[in-house]
Amino acid sequence: MVQIPSLDGLRCPHCAPSKNGRLRLKRETWLVCQEPSCHRKYPICQGLPVMLVEEGEKWTNIEVVDLPPTSLQAMPAVPAPKWLARKAGEMRITILQMVLRAGGGHIGGAYSIVDVMSALYFRVLKHDPRDPTWADRDRLVYSKGHGCLALYVVLAGASYFPTSRLAEFGQDGGLLGGHPERGHIPGVEATTGSLGHGLPLGIGMALAAKLDGSRHRVFVVLSDGECNEGSVWEGFMSAAQLKLDGLVAIIDSNKLESLGRTVDIMNIEPLGERLRAFGWSVREIDGHRMEEIVEILESVPFERGKPSAIVAHTVKGKGVSFMEGVPMWHLRGPSKDEAQKAFAELARSLWS
Amino acid sequence: MRDAFAAQLHDEMVADPRIMLLTADIGFKVFDRIVSDFPGRFINMGVAEANMLGVAAGLALSGKRPVVYTIIPFLTMRAFEQIRVDVCIQKQPVTIVGVGGGVAYGTLGPTHHAIEDVAILRALPNMTVVVPCDPWESRQVTRAAFRHDGPLYLRLGKNGEPTLNGGDHDFAIGRAAELRAGHDATIVVAGPVAKLALEAADRLGAAGVSTRVLDVHTVKPIDVEAVLRAARETGAVVSVEEHSIVGGLGSAVAEVLAEGGAAAPFRRLGLRDVYSYGVGGQDYHLRRHGLTVEAISGVIMEMLQGQESRR
């Protein structure tokens, strides 16, 4: 069910205030301006009108004209890679909206992992958003907590909470903070944000599953910068020692950390080889090629008796040319101009 | 204390299959019965305390009741942020058991002494801090820990401590026990140094000073009522702890007295914001920091004489 925030009083930013410019919802996919001389269409992305950015009480326009129709149909039972990739594209736009509204956020590291997250939450994970504490669910520990925007959009997309609540990101008293909090946000398995914690937590969960003879799996999403932390390497040793083949570590290897290139700051390369030496079964993938992501995620565990590691080679800020590979976009609120440029690029890849 | 804890833990593990024991390569022969009776529920996690605490929290998040055990500084200070984030912020029922409270590891030196642990763990929201004084109390806390909701820190001494508390009171987390009645002064104490407190009370008693010994085994949440009652009824309070006087039992008692409006004279005995350098056994280090029967009773005599002279 696509959730639409209140349309009352919403006017076409192109026509208003000179003309009527009322917006009408069409097929839950578009907002269409009712002014005959205009008839501009605004796509709905993840339930929110993507054209519209709230600035105080004013709606400003990020204009894209003559867009082809698209639809947000109900999720297929087993979404194809193409669907998952498109969904990830929509979620990039939603993330942009959230960052704009909040005035900032860790956008770069959200864009690098959102394709993998799309595959996980909409296809790979065995979970039930209507029953978040279902004992046999697969667990996902989002260890790179600062990249929470990518987690929030997939949780909303999977209906852990209404998409409209994504607007509460970074708002006083809102649902979604700058790092995920367990118990506060439905679907969040562990409070993260301090780096180097998620892997040991995931090991504990996988160990409990193994001892209980339960077949659910535990996925831990780490950043490559996070692998600077010693506790991550304790965890790498420990998981292999405990032979936890129900554990899957996914490293978002976007090659950048806060202030620069990981290779210049604290080199963890060759990460795949290091993990193999630590006793893990390792696959390296292009973290933006959805067929490859799905194929590898669906083939875990790679070896019996060994934890699985997926080194996802990604691009920080993926999808927006001027963010890609630029350290500044680790944590930044785009200006209005930057947002418009970013939106135009993201929209073009979806609707052209 | 250590063996009493291990024995009680074994009993609890028989009764509750959720309980697991993780250690960071410490506890030679201490857990042999647990290892043989519960294979798979005892795991030596190696010398990697941060990972051990995280794994324990992960186990708790999956419905287990994990116990983590090793020497206090490595358990509580190396892995402090894991205790904070993984255990306390997420309010997980992990029982954190540290061995070697205070200067119990004597000759092993200041790296192995634990004189700040109570202070730092007391500062963590959701954390309960228990410092038993003898083997009997160690068993009681261990038993109560698994009926307790949320994180709990159990600070053990080492082994061979005498029984001070004959089991003549019902143990409850958060309720102080009166080990000795008295009406002229109170020694508030936690941990095996309660032995010194009792001997000081004997000595004072012989000199005609009736001294209460209040065993505040639960430093957090502290038994406010018992501390204020002691101040009101005896008029002079001394805290005794095998810990720095900064942030531990003495600080907790001071907070209670100040906020409770108690006018009683108060002194803290413990390590006076110093590390205990140099080589020596536990008693040697205790003596160097004024944790002796003579010093405790001397301080109380001084305080009472001070009160006398002001009258």
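Any read-out appearing in this document is the output of simple, stated calculations on the displayed coordinates, not a laboratory observation. Keep in mind the model is a prediction, meaning the values are calculated, not measured. Positions of Cβ are generated from backbone atoms using ideal geometry, with glycine treated the same way; all protein chains shown enter the neighbour counts.
Just a few scattered comments:
- Peptide B:44-53 is shielded by partner chain Cβ atoms: per residue, an average of 6 of them sit within 10 Å of its Cβ.
- Estimated distance in nm for a label pair at A:GLU324 and A:GLU298, the labels positioned 7 Å out from Cα along Cα-to-Cβ: 2.7 nm
- Rounded to whole Hz, the Karplus (6.51, -1.76, 1.60) HN-Hα couplings of the stretch A:235-248, x for glycine and proline: x, 4, 5, 5, 5, 5, 4, 8, 6, 8, 7, x, 9, 10
- Over the protein assembly as shown - Rg/Rh using Cα atoms and the Kirkwood inverse-distance radius: 1.09
- Overall form of the stretch B:247-311 per C-alpha gyration tensor (a/c, 1.5; a/b vs b/c): oblate
- The length gained on full extension between A:ASP212 and A:GLU269, counted as 0.36 nm times the residue separation minus their Cα-Cα distance, comes to 16.9 nm.
- Judged by the ratio a/c of the largest to the smallest principal axis of the C-alpha gyration tensor, the stretch A:202-352 counts as prolate, that ratio being 1.5 or greater while a/b is larger than b/c.
- Straightening the chain between A:LYS82 and A:SER159 buys 25.7 nm, computed as 0.36 nm per residue apart minus the Cα-Cα spacing.
- Cα extents for the stretch B:22-86 along the principal axes, largest to smallest and rounded to whole angstrom: 33, 27, 14.
- Taking B:LEU204, B:LEU269, B:LEU108 as the candidate residues, the one with maximal mean-square fluctuation in a Gaussian network model of chain B, Cα springs under 10 Å, is B:LEU108.
- Helix B:49-61 and the long axis of chain B differ in direction by around 80°, with both axes built from C-alpha atoms.
- Anisotropy class of the stretch B:180-273 from Cα gyration tensor, a/c 1.5 cut: oblate
- Inter-centroid distance (Cα atoms) of the stretch B:82-108 relative to the stretch A:164-243, Å: 22 Å
- Residue-by-residue Karplus 3J(HN,Hα) for the stretch A:326-337, coefficients 6.51, -1.76, 1.60, Hz, glycine and proline x: 10, x, 3, 7, 4, 9, 7, x, x, 6, 5, 4
- Amide hydrogen proximity for A:ILE251: with H placed 1.01 Å from N in the peptide plane, the residues at 5 or more positions away or on another chain lying under 5 Å are A:LEU222, A:ILE310, A:VAL311, A:ALA312.
- Given charges at Cβ of Lys, Arg, Asp, Glu: the stretch A:163-281 dipole, positive-most of A:GLY193, A:GLY173, A:ILE265: A:GLY193
- Expected 222 nm ellipticity per residue - DSSP helices of 4 or more, -39500 (n - 2.57), all of the protein assembly as shown, to 500: -10000 deg cm²/dmol
- Proximity of backbone amide H atoms, modeled 1.01 Å from N, is registered between B:GLY174 and B:THR218 at under 5 Å, excluding neighbours fewer than 5 places apart on the same chain.
- Helix B:224-234 axis, angle to chain B major axis (alpha carbon atoms, nearest 10°): 20 degrees
- Distance violations [Cα-Cα > 30 Å] among A:LYS210/A:LYS318; A:LYS336/B:LYS91; A:LYS243/B:LYS29; A:LYS87/B:LYS91: A:LYS210/A:LYS318; A:LYS336/B:LYS91; A:LYS87/B:LYS91
- Dipole magnitude for the protein assembly as shown: computed about the Cα centre from +1 point charges on Lys and Arg Cβ and -1 point charges on Asp and Glu Cβ, it is near 1420 debye.
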